[in-house]
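Report on the following structure.
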Amino acid sequence: QVQLVESGGGLVQPGGSLRLSCVASGSIFSIYAMGWYRQAPGKQRELVAAFKGGVRTNYADSVKGRFTISRDNAKNTVYLQMNSLKPEDTAVYYCNFQIMVLEYGEYDDYWGQGTQVTVSS
């Protein structure tokens, strides 16, 4: 069994910063991908940024130059540093891992519980 635990969301003023963390634990044999998605009210979930096969994907256009994704493979942890936050960044942020729990198994998607980020004055 695999668990993902997110932390770091909250309320911040426009122009402020937040750092999200997500750690995966449990029966992990291999990790193929780790990343961040977000879902704003009334909108579809969108990819913010991720590492897949060891390579970082492109950032969503709306966050380029402001957000930075990083990881600590030894700790099975992915981070999202968010700077110069805007009201339109308000959303629930979800971490996602693609994990193989058994050797010769398949990679399955696992999601964090979601953390609310609200940017407002």
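The values are calculated or read from the model by the stated rules, or taken from the named source; none is laboratory data. This structure is a prediction, so every number in the text was calculated from the model and none was measured. Methodologically, a virtual Cβ is constructed for each residue, glycine included, from the backbone with ideal geometry; neighbour enumeration extends over all protein chains shown. Please note that ligands, DNA and RNA were not included when accessible areas were found on the heavy atoms of the full protein model with its side chains. Shrake-Rupley method; radii C 1.70, N 1.55, O 1.52, S 1.80 Å.
Looking at the range 63-71, is at least one residue within 20 Å of SER121 (Cβ to Cβ), among the polar types (S, T, N, Q) and surrounded by 13 or more Cβ atoms within 10 Å (Cβ to Cβ)? There is no residue in the range 63-71 that is within 20 Å of SER121 (Cβ to Cβ), among the polar types (S, T, N, Q) and surrounded by 13 or more Cβ atoms within 10 Å (Cβ to Cβ).
Checked against (1) within 25 Å of VAL2 (Cα to Cα); (2) modelled with pLDDT under 95, ARG71 meets all criteria but (2). Here GLY16 does not qualify as closer than 24 Å to SER121 by Cα and free of Cβ contacts under 8 Å to residues at least 24 places away in the same chain. Pick from the range 75-121 the residues that are surrounded by fewer than 21 Cβ atoms within 10 Å (Cβ to Cβ) and small (Gly, Ala, Ser): which of them is farthest from ARG19 (Cα to Cα)? Among those residues, the one meeting the criterion is GLY105. Residue pairs whose Cβ atoms lie under 6 Å apart, sitting 6 or more positions apart in sequence or on different chains, and linking a residue in the range 41-61 that is open to solvent by 70 Å² or more (accessible area, probe 1.4 Å) to a partner that is at pLDDT 95 or above and small (Gly, Ala, Ser), are LYS52/ALA33.
Yes or no: the range 51-60 includes at least one residue that is closer than 22 Å to VAL2 by Cα and β-branched (Val, Ile, Thr). No, the range 51-60 contains no residue that is closer than 22 Å to VAL2 by Cα and β-branched (Val, Ile, Thr). Of all residues in the range 9-40, those satisfying the criterion of being under 12 Å from the mean Cα position of the chain (by Cα), open to solvent by less than 30 Å² (accessible area, probe 1.4 Å) and farther than 12 Å from MET82 by Cα are CYS22, ALA24, ALA33, MET34, GLY35, ARG38.
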